[in-house]
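**Q** Please see the structure below; I have some questions.
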Amino acid sequence: MPWQKVDIMSLRSDFISLAIQPQSNKSELCRRFNISRKTGYKWLRRYYKQGFDGLLDQSKRPYNSPECYQDTELLEAIFYWRRKRNWGGRKIRAVLEGDGFDPLPSASTISNILKRKGLIDNSCRQNQSFKRFEWPHCNDLWQMDFKGPIKLRDGKCEPLTVLDDHSRFSLGVVACKDKFGNTVKAHLADIFRIYGMPWQILADNGNPWGWHRNSMGNSVTHVGVWLMSLGIKLIHSRPYHPQTCGKDERFHRTLKQELVGKEMNCHYNECQEKFDVWRSEYNTIRPHESLDMTTPSSRYRVSDRAYPENVPEPEYGINDIVRSVVQKGRIKFKGTAYRVSEGYRGNRVAIRPTIKEHIWTVHFYRFKIAELDIKNAICKKC
């Protein structure tokens, strides 16, 4: 119950005068003055902090309110980043802090400003973020995928995206007209020339880097063989399990939300310029929550593995048995033909013995690609 409407200040003063007495029973005093213990202790705290002036009624208006910010430049910057990239309060605040705005409202206040402006839909709440696994160093692993076709005024575009796993740095968003292997190799070579080469690349199971399943069994593509010849291990995600490439999938969602859904009503020859502008902003300006609100460029370092313009020939040991892969991806060993993969056709592989007499391993550059069971004439792909 609140105070009785009889000279409230006198009642409060009387309560305080009695409550501050040594060995006073504060619970009993609260009962007699018809107030709760919570209210009684509130007035005691105010009295100890401000004296009898603290017993006066105080305004319930919050110290900070989204409606009290009249800084036109600040508000325009908040609305600009929301309309341009659809960012929330945390990202906008991090960017404005980097731009030198001071003082700044909190991230929640910025969100409330956007809500009052009608720029945030309260019914659309994002899922709670979580910490993804990441490789410990830059260029340990890149993720690669096609985003999916984008409709343009004069056709469509197939964006090829490449992302560093450790830093989330976007190494490329490339406007492609098709998804052919030679197209991917040409664009990857351009990226390698700038950033160097990774140790591994993670991709899904589709063309042009995935494994085909046909009547002849599994086969690696020419893109995969080319990457292996450069010393890059190609890793495939689990079939029908896109979460394996979660960072690149999340990158695609960001790309769609911030660019594709807003600014791609253009012709094909304008696509790459838009991708380049957005990618630069993504790498150097946009704060990343998984990076403690820093940018990917602040974390990324180029690889020290330079791209060779001419692919080196494989160097095998003097005890290796070297065979050339011929038509239909076959090699001949001890009078039997084994199918390794059509993708290796025209290349040389090394065959090495194991501790088991009837088991031999097949190697392409530094990678083990198959096991031969000469007893049962079986080739097992690795």
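**Q** Report yes if TRP360 is of a type in the set (Phe, Trp, Tyr) and within 30 Å of GLU258 (Cβ to Cβ), otherwise no. Working first, answer last.
**A** Values: of a type in the set (Phe, Trp, Tyr): yes; within 30 Å of GLU258 (Cβ to Cβ): no.
Answer is no for this residue.
**Q** Is there a residue in the stretch 191-204 that is closer than 29 Å to SER290 by Cα and modelled with pLDDT under 90?
**A** yes
**Q** Now for a different question. Looking at the stretch 174-184, is at least one residue assigned to a loop (DSSP other than H, G, I, E, B) and crowded, with 23+ Cβ neighbours inside 10 Å?
**A** Looking through the stretch 174-184, none of the residues is assigned to a loop (DSSP other than H, G, I, E, B) and crowded, with 23+ Cβ neighbours inside 10 Å.
**Q** Do we have any residue at all in the stretch 280-288 that's part of a strand (DSSP E or B) and in contact (Cβ under 8 Å) with a residue 60 or more places away in the chain?
**A** Initially, the stretch 280-288 is screened for residues part of a strand (DSSP E or B), giving 288.
Okay, now just the ones that are also in contact (Cβ under 8 Å) with a residue 60 or more places away in the chain, so 288.
Taking every residue of the stretch 280-288 in turn, at least one turns out to be part of a strand (DSSP E or B) and in contact (Cβ under 8 Å) with a residue 60 or more places away in the chain.
**Q** Continuing with this model, one more query. All but one of (1) at pLDDT below 90; (2) over 21 Å from LYS185 (Cβ atoms); (3) in contact with a helix residue (DSSP H, G or I) (Cβ under 9 Å, 6 or more places away or on another chain) hold for PRO312, so report the exception by its number.
**A** So the condition that PRO312 fails would be (2).
Yes/no matrix, rows are residues, columns are (1) in the same structural domain as ASP99 (by TED's automatic domain parsing); (2) at pLDDT 85 or above; (3) touching a Leu at 6+ places or on another chain (Cβ under 8 Å):
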position: PRO22; (1), (2), (3): no, no, no
position: CYS30; (1), (2), (3): no, yes, no
position: ARG37; (1), (2), (3): no, yes, no
position: TYR41; (1), (2), (3): no, yes, no
position: ARG45; (1), (2), (3): no, yes, no
position: GLY51; (1), (2), (3): no, no, no
position: ARG61; (1), (2), (3): no, no, no
position: GLN70; (1), (2), (3): yes, no, no
position: GLU76; (1), (2), (3): yes, no, no
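**Q** Same structure, new question: State all residues of the stretch 168-205 that are small (Gly, Ala, Ser) and in contact with a Ser or Thr (Cβ under 9 Å, 6 or more places away or on another chain); if no residue qualifies, say none. Spell out how you get there, then give the answer.
**A** Initially, the stretch 168-205 is screened for residues small (Gly, Ala, Ser), giving 170, 172, 175, 181, 186, 189, 196, 203.
SER170, GLY172, GLY181, GLY196, ALA203, listed by residue number.
**Q** Considering the stretch 268-298 alone, what residues qualify as being of a type in the set (S, T, N, Q) and at pLDDT 85 or above?
**A** Filtering the stretch 268-298 down to residues of a type in the set (S, T, N, Q) leaves 269, 272, 280, 283-284, 290, 294-295, 297-298.
Selection gives ASN269, GLN272, SER280, ASN283, THR284, THR294, THR295, SER297, SER298.
**Q** Do we have any residue at all in the stretch 249-266 that's surrounded by 13 or more Cβ atoms within 10 Å (Cβ to Cβ) and either at pLDDT 90 or above or not in a helix (DSSP H, G or I) (or both)?
**A** We begin by selecting, within the stretch 249-266, every residue surrounded by 13 or more Cβ atoms within 10 Å (Cβ to Cβ); these are 249-252, 254-260, 262-264, 266.
Filter once more, so that each one left must be either at pLDDT 90 or above or not in a helix (DSSP H, G or I) (or both): 264, 266.
Within the stretch 249-266, one or more residues are surrounded by 13 or more Cβ atoms within 10 Å (Cβ to Cβ) and either at pLDDT 90 or above or not in a helix (DSSP H, G or I) (or both).
**Q** Take the stretch 322-343 and flag every residue that is in contact (Cβ under 8 Å) with a residue 12 or more places away in the chain, closer than 18 Å to ILE378 by Cβ and in contact with a strand residue (DSSP E or B) (Cβ under 7 Å, 6 or more places away or on another chain).
**A** Keep residues of the stretch 322-343 that are in contact (Cβ under 8 Å) with a residue 12 or more places away in the chain, which gives 322-329, 331, 333-334, 336, 338-343.
Right, trim to closer than 18 Å to ILE378 by Cβ and you get 323, 325, 328-329, 331, 333-334, 336, 338-341.
Those that are in contact (Cβ under 8 Å) with a residue 12 or more places away in the chain, closer than 18 Å to ILE378 by Cβ and in contact with a strand residue (DSSP E or B) (Cβ under 7 Å, 6 or more places away or on another chain): ARG323, VAL325, LYS328, GLY329, ILE331, PHE333, TYR338, ARG339, VAL340, SER341.
**Q** Another question about this same structure. Go through (1) at pLDDT 85 or above; (2) touching a helix residue (DSSP H, G or I) at 6+ places or on another chain (Cβ under 6 Å); (3) assigned to a helix (DSSP H, G or I) one by one and return the number of the condition LEU234 breaks.
**A** Status for LEU234: all satisfied but (3).
**Q** Taking ARG301 as the residue in question, decide whether it is assigned to a loop (DSSP other than H, G, I, E, B), over 30 Å from HIS358 (Cβ atoms), among the charged types (D, E, K, R) and modelled with pLDDT under 90. Please lay out each step first, then the result.
**A** Working: assigned to a loop (DSSP other than H, G, I, E, B): yes; over 30 Å from HIS358 (Cβ atoms): yes; among the charged types (D, E, K, R): yes; modelled with pLDDT under 90: no.
Taking the combined requirement at face value, the residue does not satisfy it.
**Q** Working carefully through the options ARG85, ARG132, ARG93, find the one that is crowded, with 17+ Cβ neighbours inside 10 Å, under 16 Å from PHE251 (Cβ atoms) and modelled with pLDDT under 90. Steps first, please.
**A** Values: ARG132 fails: crowded, with 17+ Cβ neighbours inside 10 Å; ARG93 fails: under 16 Å from PHE251 (Cβ atoms).
Sole residue among the options that is crowded, with 17+ Cβ neighbours inside 10 Å, under 16 Å from PHE251 (Cβ atoms) and modelled with pLDDT under 90: ARG85.
**Q** Let me ask another. Which of the numbered conditions does ILE285 fail, given that it passes all the others? Conditions: (1) out of contact with any strand residue (DSSP E or B) (no Cβ under 6 Å at 6 or more places or on another chain); (2) among the hydrophobic types (A, V, I, L, M, F, W, C); (3) surrounded by fewer than 15 Cβ atoms within 10 Å (Cβ to Cβ).
**A** (3)
The values are calculated or read from the model by the stated rules, or taken from the named source; none is laboratory data. Not measured: the values here are computed from a predicted model. Cβ coordinates were reconstructed from backbone atoms using ideal geometry, including for glycine residues, and neighbour counts include every protein chain displayed.
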